[in-house]
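Each remark here refers to the structure printed beneath this line.
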Amino acid sequence: MNLNSKIPAGPLAEKWTKYKSTMPIVAPNNKRKLEIIVVGTGLAGAAAASSLGELGYSVKCFTFHDSPRRAHSIAAQGGINAAKNYANDGDSIYRLFYDTIKGGDYRAREANVHRLAECSVDIIDQCVAQGVPFAREYGGLLENRSFGGVQVSRTFYARGQTGQQLLIGAYQSLSRQIALGTVQMYNRHEMLELVKVDGKARGIIARNLLTGELERHAAHAVVIATGGYGNVFYLSTNAMTCNVTAAWKSVKRCSHGQSLFYTNPPNMYTGIR
Ligand SMILES: Cc1cc2nc3c(=O)[nH]c(=O)nc-3n(C[C@H](O)[C@H](O)[C@H](O)COP(=O)(O)OP(=O)(O)OC[C@H]3O[C@@H](n4cnc5c(N)ncnc54)[C@H](O)[C@@H]3O)c2cc1C
């Protein structure tokens with residue numbers, strides 16, 4: 001299988017900034033004509049759906065849970081890292097990049113991790129704007145701590161429930177877009193299949209878990225934000241629903257055109273193949 005992550009060319013530290021400044025952009029009037037499907041409503045999916053909605057795109061967002069707030073992001077505890085260097089202890093984007101690569105046993109894609117380190121600085125401000133109650137010092141400034149074995153203090157947190165608070169923030173922002181009509185929410189819908197047209201992801205097949213009906217949803221682009229590989233591993237702190245089936249189906253669909261209904265494990269709720 002040939003997996004192409006389409007990482008932009010250029011020196012590591014400039015790849016994404018250069019790409020962002022040179023990529024074609026969509027005129028505001030055309031944005032609402034473009035439909036985007038986002039599968040997943042954890043921190044990744046809820047943030048993507050609400051940001052795309054706020055930018056003016058027509059978004060359809062799917063989760064197999066009864067509410068976006070049930071996503072497993074709610075379990076994250078320790079905090080979120082950002083290279084803001086508030087503690088003035090020598091932190092930098094490069095240092096966060098390097099620590100993350102090392103923490104990932106040198107297996108992560110370097111360009112994407114560098115982008116994560118670059119974005120980390122603004123993400124904290126975005127979360128604060130969404131109302132996330134991060135811990136603060138007595139003077140009112142954002143507090144941070146050293147976490148996960150790193151040598152610097154860069155973890156922003158909300159007690160031991162950072163994921164829960166972040167998810168509530170992302171959910172509020174998603175709810176605002178749902179109320180404004182830019183995001184259409186499909187709770188209790190499980191993505192079963194990715195639909196490809198001319199080599200591009202153009203839709204999904206989903207099962208309505210309340211009625212059992214199969215539904216077709218078309219779009220100009222599909223974002224898969226369905227979480228980590230938790231239960232691929234023997235031991236995991238992830239919930240049993242973190243079963244990687246959506247990502248697996250997408251990878252399979254990308255590798256060959258075979259119908260996935262035949263090879264699927266039974267649907268976790270209905271037992272139907
Ligand atoms: C106990 C614990 C503690 C953690 N602590 C930290 C921490 O301190 N700091 C940190 O940075 N990270 C931490 N993590 C990791 C972090 O929480 C996750 O990496 C992150 O929340 C994943 O977010 P996500 O949006 O990608 O996925 P999730 O939050 O898992 O969301 C997945 C979404 O996809 C949907 N979905 C999945 N499959 C389908 C399908 N087939 N059809 C429709 N919808 C589907 C689900 O309904 C859900 O809405 C922790 C994780 C755990 C388990």
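The values are calculated or read from the model by the stated rules, or taken from the named source; none is laboratory data. Not measured: the values here are computed from a predicted model. Backbone-built Cβ (ideal geometry, glycine too); neighbour counts: all protein chains shown. Each accessible area value is taken on the protein alone, full model and side chains, heavy atoms only, with ligands, DNA and RNA left out. Shrake-Rupley method; radii C 1.70, N 1.55, O 1.52, S 1.80 Å.
Scanning region 145-186 for residues that are more than 19 Å from GLY103 (Cα to Cα) and among the hydroxyl-bearing types (Ser, Thr, Tyr) yields TYR157, THR162, TYR171, SER173, SER175, THR182, TYR186. Among the residues of region 103-122, those that are at pLDDT 95 or above and under 20 Å from ASN85 (Cα atoms) comprise VAL113, HIS114, ARG115, LEU116, ALA117, GLU118, CYS119, SER120, VAL121, ASP122.
Looking across region 214-273, the residues that are assigned to a loop (DSSP other than H, G, I, E, B), modelled with pLDDT of 90 or more and of a type outside the set (Val, Ile, Thr) come down to ALA219, HIS220, ALA225, GLY227. Output yes when any residue across region 226-238 is open to solvent by 60 Å² or more (accessible area, probe 1.4 Å), under 30 Å from ASN2 (Cβ atoms), among the aromatic types (Phe, Trp, Tyr) and under 19 Å from the mean Cα position of the chain (by Cα), and no when none is. Yes, region 226-238 contains a residue that is open to solvent by 60 Å² or more (accessible area, probe 1.4 Å), under 30 Å from ASN2 (Cβ atoms), among the aromatic types (Phe, Trp, Tyr) and under 19 Å from the mean Cα position of the chain (by Cα). Condition first: over 19 Å from the mean Cα position of the chain (by Cα), surrounded by 17 or more Cβ atoms within 10 Å (Cβ to Cβ) and polar (S, T, N, Q). Can you find one or more residues in region 175-193 that meet it? Within region 175-193, none of the residues are over 19 Å from the mean Cα position of the chain (by Cα), surrounded by 17 or more Cβ atoms within 10 Å (Cβ to Cβ) and polar (S, T, N, Q).
Filtering ALA219, ALA206 for residues that are over 17 Å from LEU43 (Cβ atoms), within 10 Å of the ligand (Cβ to nearest atom), of a type in the set (Gly, Ala, Ser) and buried (at least 16 other Cβ atoms within 10 Å of the Cβ) leaves a single hit, ALA206.
Yes/no per residue for (1) closer than 14 Å to GLN177 by Cα; (2) among the aliphatic types (A, V, I, L, M); (3) surrounded by 15 or more Cβ atoms within 10 Å (Cβ to Cβ):
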site: PRO28; (1), (2), (3): no, no, no
site: LEU43; (1), (2), (3): no, yes, yes
site: ARG70; (1), (2), (3): no, no, yes
site: GLY79; (1), (2), (3): no, no, yes
site: ILE93; (1), (2), (3): no, yes, yes
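Quick grid of which residues meet (1) more than 15 Å from the ligand (Cβ to nearest atom); (2) in a helix (DSSP H, G or I); (3) touching a residue at least 12 places away in the same chain (Cβ under 8 Å):
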residue: TYR86; (1), (2), (3): yes, no, yes
residue: ARG107; (1), (2), (3): yes, no, no
residue: ASP122; (1), (2), (3): yes, yes, no
residue: VAL128; (1), (2), (3): yes, yes, yes
residue: VAL132; (1), (2), (3): no, no, yes
residue: VAL150; (1), (2), (3): no, no, yes
residue: ILE168; (1), (2), (3): no, yes, yes
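For region 53-64, taking the residues that are within 16 Å of ALA170 (Cα to Cα) and either within 7 Å of the ligand (Cβ to nearest atom) or in a helix (DSSP H, G or I) (or both), the one that is most open to solvent (accessible area, probe 1.4 Å) is identified as GLU54. Scanning region 95-105 for residues that are open to solvent by 70 Å² or more (accessible area, probe 1.4 Å) and part of a loop (DSSP other than H, G, I, E, B) yields a single hit, ASP105.
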